[in-house]
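K.L.:
For reference, the structure I am asking about is given below.
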Amino acid sequence: MQTLQELSGKVALVTGASRNIGRCIALSLAAAGAKVAVNARHAQSDADAVVAEIKATGGDAQTFIADIADSTAVQNMVDGVLKTFGHIDILVLNASVRKETAFIDMSYEEWRSLLAITLDGSFHCTKACLPSMIASGGGSIVTIGGMSSLSGAKRRVHGSVGKHGLWGMTRALAKELGEYQIRVNCVAPGQMNTTRSADRSERPAVSNVPLGRRSDPEEIASTVRFLCGPGATMISGQLIYVDGGQQQF
């Protein structure tokens, strides 16, 4: 059960928070009382709009533009968050790029550009945030995975590899950071109702989703909020699917 303002006094950094799932996560954490650093790579106006939404409901947030694949940019961003809010308790690694390319046609540049965000970006952000989390006596890191992390996906080999690596990072960090009272979990969305999915020329049928519909971004955000809150203090190293029962291995 979520408690009103259960994250009061906490500071959250959400990567890729300018739209879709990231936007909803930022709004949900703010509704729980957290101060939110809204990250975007380029979309300043979209990120500013999310910050305005949060402030309109009495919350506190600020935009931080940074390419998380760039370690220097990440450190500058985290330094800015610490200067603005004082500490970081929650890190949500949501930023990603969804591309569909047949493996035979995939260039190394495309392969690396996706992994640079999904894996290198997660490395940079976690490394930069850890000192503050440790100094605060603990925290919560939530990675945003996907069904393809274990099942694979046609024309998305790079995406599947990135998400699988993110899941491995989640499990390993949960074991390594537990002594600092830092919990690390992964939330894996299924088929989504997002702007990105609506723009795709072919959307998968929902006939293989037992609950019979796509997930809404708010449902992913609600799960993230729970994992960051007081009701999840013994949950770490877990992969939680929010997919209506669709996962198949």
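K.L.:
Consider only pairs whose beta carbons are under 6 Å apart and that are at least six residues apart or on different chains; among these, list those whose first residue lies in the range 43-72 and is aromatic (Phe, Trp, Tyr) and whose second residue is modelled with pLDDT under 95 and buried (at least 20 other Cβ atoms within 10 Å of the Cβ).
P.N.:
Cβ pairs passing all conditions: none.
K.L.:
Out of the residues in the range 137-171 that are assigned to a helix (DSSP H, G or I) and among the aliphatic types (A, V, I, L, M), state the one that is surrounded by the most Cβ atoms within 10 Å (Cβ to Cβ). Working first, answer last.
P.N.:
Taking the range 137-171 as the starting set, the residues that turn out to be assigned to a helix (DSSP H, G or I) are 148-151, 157-171.
Now restrict to residues that are among the aliphatic types (A, V, I, L, M): 150, 157, 161, 166, 169.
On the way: 150: 17, 157: 17, 161: 18, 166: 22, 169: 20.
Selected residue: 166.
K.L.:
Here's a follow-up. Of all residues in the range 53-98, how many are among the basic types (Lys, Arg) and assigned to a helix (DSSP H, G or I)?
P.N.:
2
K.L.:
When you look at residue 128, is it among the hydrophobic types (A, V, I, L, M, F, W, C), out of contact with any strand residue (DSSP E or B) (no Cβ under 8 Å at 6 or more places or on another chain) and assigned to a helix (DSSP H, G or I), yes or no?
P.N.:
Here the answer is yes, as residue 128 does meet what is asked.
K.L.:
Could you check how many residues of the range 82-96 are more than 12 Å from residue 131 (Cα to Cα) and either under 8 Å from the mean Cα position of the chain (by Cα) or surrounded by 18 or more Cβ atoms within 10 Å (Cβ to Cβ) (or both)?
P.N.:
8
Results for (1) modelled with pLDDT under 95; (2) buried (at least 16 other Cβ atoms within 10 Å of the Cβ), shown as yes or no for each residue.
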residue: 3; (1), (2): yes, no
residue: 9; (1), (2): no, no
residue: 12; (1), (2): no, yes
residue: 23; (1), (2): no, yes
residue: 26; (1), (2): no, yes
residue: 39; (1), (2): no, yes
residue: 48; (1), (2): no, yes
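K.L.:
Then there's this: State whether one or more residues within the range 99-115 are assigned to a helix (DSSP H, G or I), of a type in the set (Phe, Trp, Tyr) and surrounded by fewer than 17 Cβ atoms within 10 Å (Cβ to Cβ).
P.N.:
yes
K.L.:
Looking at this structure, is residue 50 part of a helix (DSSP H, G or I), over 19 Å from residue 142 (Cα atoms) and under 17 Å from the mean Cα position of the chain (by Cα)?
P.N.:
yes
K.L.:
With (1) among the hydrophobic types (A, V, I, L, M, F, W, C); (2) touching a helix residue (DSSP H, G or I) at 6+ places or on another chain (Cβ under 7 Å); (3) at pLDDT 95 or above; (4) in a loop (DSSP other than H, G, I, E, B) as the list, and residue 249 as the residue in question, which single condition is left unmet?
P.N.:
Just one mismatch for residue 249, condition (3).
The values are calculated or read from the model by the stated rules, or taken from the named source; none is laboratory data. Since we're looking at a predicted model, the values are computed, not measured. Positions of Cβ are backbone-derived with ideal geometry, glycine not excepted, and every protein chain shown enters the neighbour counts.
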